[in-house]
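The values are calculated or read from the model by the stated rules, or taken from the named source; none is laboratory data. What you see is a predicted model, and the numbers here were worked out from it, not measured in a lab. Cβ placement follows ideal geometry from the backbone for every residue including glycine, while neighbour counts extend to all protein chains displayed.
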């Protein structure tokens, strides 16, 4: 047997196997550890998790009961949309925060642990790979706006990561997302609002919107690929997304698509996520009263500034009933908020669905949060159930 193995090895050495091993080694060596770490630890799990966030809710008996009529089905659609919005917004903030921390002054002062600096090597010094964290944040902000406006799209990072190394994706990939209705591949960039309140960017002669649209035009002429540039501007209480295409003069005609979305002030679901997905909120029925408890996380810059309030609850199928919530903040962490509501059961009986088999009751409601400079009211689909 040993002679057979030796013969196989000698045969391999006479073929192209050594060359292939060398090529593979070079490829692995050129893949920065930090790029791979970002892919495996952030990009891949973030996008994969998008697909099962509502798994726990869908497996509950009451899901089919709610979907028996059109109003219930629309409620569930809005609930799924809202959960995805919370998730993408949360991770965009995490990526921004990590990038700021690693690219900030603390890194330059050498405050990162020695073992981290040894492993990450030159990437910590020049920050090249770390800017990919900002790139993930920008992608997620674009997804947030598209989800909010219910625009069907496909995030390419789901397919490309970690198969295609991050360090070649910006130049060699087919794009960051695909817009189905526009039949358009889009590269996502970060930018700022210009004088026309449109997101644009200019980082020099070789890195600006006009130059990148010219490259997209070349791609179309050479390969027939319909490609555009999506620019995200996160300013104030809104996230803006503009999609520019090379066949429209963007300075004169503007973007093909311009959408903006108000940033959610609270998290009401992904802050309560478990191993099987997000959970519903708690409700109790007794003595003619319905009591609901909502555990939320305040995302506003000054969560404890001003008077607590501005949070009300309305009920599906009982739209005339609106009640004010009692807001309690965690003393150790004011961003953790518990909002409690109480109402007579007789007033909202049409909003309560009961599963005969399990005896569990489900409440369909809408959490109304007043927010923004114009004091707009954001609607949170609220699904609460008894134990």
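Selection of the range 43-80 for residues being more than 15 Å from residue 280 (Cα to Cα) and in contact with a helix residue (DSSP H, G or I) (Cβ under 6 Å, 6 or more places away or on another chain) yields 43, 46, 47, 67, 72.
Hey, does the range 290-301 have a residue that's under 27 Å from residue 54 (Cα atoms), part of a loop (DSSP other than H, G, I, E, B) and touching a residue at least 60 places away in the same chain (Cβ under 8 Å)? Looking through the range 290-301, at least one residue is under 27 Å from residue 54 (Cα atoms), part of a loop (DSSP other than H, G, I, E, B) and touching a residue at least 60 places away in the same chain (Cβ under 8 Å).
This table checks each residue for (1) closer than 20 Å to residue 132 by Cα; (2) more than 26 Å from the chain's Cα centre (by Cα); (3) assigned by TED's automatic domain parsing to the domain that holds residue 234; (4) in a loop (DSSP other than H, G, I, E, B).
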| residue | (1), (2), (3), (4) |
| --- | --- |
| 181 | no, no, yes, yes |
| 186 | yes, no, yes, no |
| 189 | yes, no, yes, no |
| 195 | no, yes, yes, yes |
| 206 | yes, yes, yes, yes |
| 211 | no, yes, yes, no |
| 215 | no, yes, yes, no |
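Of the set (1) surrounded by 18 or more Cβ atoms within 10 Å (Cβ to Cβ); (2) over 30 Å from residue 365 (Cα atoms); (3) at pLDDT 90 or above, all apply to residue 212 but (3). What number of residues in the range 339-374 are part of a loop (DSSP other than H, G, I, E, B), in contact (Cβ under 8 Å) with a residue 40 or more places away in the chain and over 12 Å from residue 283 (Cα atoms)? Qualifying residue count, the range 339-374: 6. Residues in the range 135-156 that are touching a helix residue (DSSP H, G or I) at 6+ places or on another chain (Cβ under 7 Å), surrounded by fewer than 18 Cβ atoms within 10 Å (Cβ to Cβ) and at pLDDT below 90: 0 in all. Could you tell me which residue of the range 271-285 is surrounded by the fewest Cβ atoms within 10 Å (Cβ to Cβ), considering only residues that are outside any loop (DSSP other than H, G, I, E, B) and modelled with pLDDT under 90? By that ranking, first place goes to 274. Residue-level check: of (1) over 23 Å from the mean Cα position of the chain (by Cα); (2) touching a residue at least 24 places away in the same chain (Cβ under 8 Å), residue 281 misses just (1).
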